[in-house]
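The values are calculated or read from the model by the stated rules, or taken from the named source; none is laboratory data. This is a predicted model, so every value here is computed, not measured. Virtual Cβ from ideal backbone geometry, glycine too; neighbours counted across all protein chains shown. Heavy atoms of the whole protein, side chains included, go into the accessibility calculation; ligands, DNA and RNA do not. Shrake-Rupley method; radii C 1.70, N 1.55, O 1.52, S 1.80 Å.
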Amino acid sequence: NSEDVRCKCICPPYKDHSGHIYNKNVSQKDCDCLHVVEPMPVPGPDVEAYCLRCECKYEERSSVTIKVGSVILLA
């Protein structure tokens with residue numbers, strides 16, 4: 001299920017750009033700043049420096065387990 005996987009990039013403030021969190025459904029191998037951060041908030045020469053500051057993590061979850069847990073808690 002594509003909704004159960006995502007890449008989350010947390011990018012701190014850089015120069016005159018505020019910090020931002022980016023989420024995108026991509027494969028684990030594409031979980032990096034260049035594939036997830038869209039639109040890129042900095043011009044070409046600053047992209048590498050900006051991306052080096054971002055922390056990207058691939059996340060998987062089981063929505064079925066979450067739904068079952070919710071039903072049990074609400075019962």
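Restricting the search to the range 52-75, which residues are in contact (Cβ under 8 Å) with a residue 40 or more places away in the chain and surrounded by fewer than 15 Cβ atoms within 10 Å (Cβ to Cβ)? Give the steps one after another, and end with the answer.
We begin by selecting, within the range 52-75, every residue in contact (Cβ under 8 Å) with a residue 40 or more places away in the chain; these are 53-63.
Those that are in contact (Cβ under 8 Å) with a residue 40 or more places away in the chain and surrounded by fewer than 15 Cβ atoms within 10 Å (Cβ to Cβ): ARG53, GLU55, LYS57, GLU59, GLU60, ARG61, SER62, SER63.
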- Note on the structure: Cβ pairs under 8 Å, 6+ apart or interchain, first in the range 17-32 and within 18 Å of PRO43 (Cα to Cα), second not hydrophobic (A, V, I, L, M, F, W, C), ordered by first then second residue, are HIS17/PRO41; HIS17/TYR50; GLY19/PRO12; GLY19/PRO13; HIS20/PRO41; TYR22/LYS8; TYR22/GLU38
- Which residue pairs have Cβ atoms under 7 Å apart, sit 6 or more places apart or on different chains, and have a first residue in the range 34-51 that is open to solvent by 40 Å² or more (accessible area, probe 1.4 Å) and a second that is of a type in the set (A, V, I, L, M, F, W, C) and assigned to a loop (DSSP other than H, G, I, E, B)? HIS35/VAL26
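So, in the range 10-42, how many residues would count as being acidic (Asp, Glu) and under 13 Å from CYS54 (Cβ atoms)?
So in the range 10-42, the residues acidic (Asp, Glu) come out as 16, 30, 32, 38.
Then keep just the ones that are under 13 Å from CYS54 (Cβ atoms); that gives 32, 38.
Total satisfying the criteria: 2.
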- Among the listed residues ASP32, ASP46, which satisfies the condition of being of a type in the set (Asp, Glu) and more than 11 Å from the chain's Cα centre (by Cα)? ASP46
- Query: Of everything in the range 49-75 that's under 13 Å from the mean Cα position of the chain (by Cα), not in a helix (DSSP H, G or I) and not hydroxyl-bearing (Ser, Thr, Tyr), which residue is farthest from ILE10 (Cα to Cα)?
  - Reply: GLU60
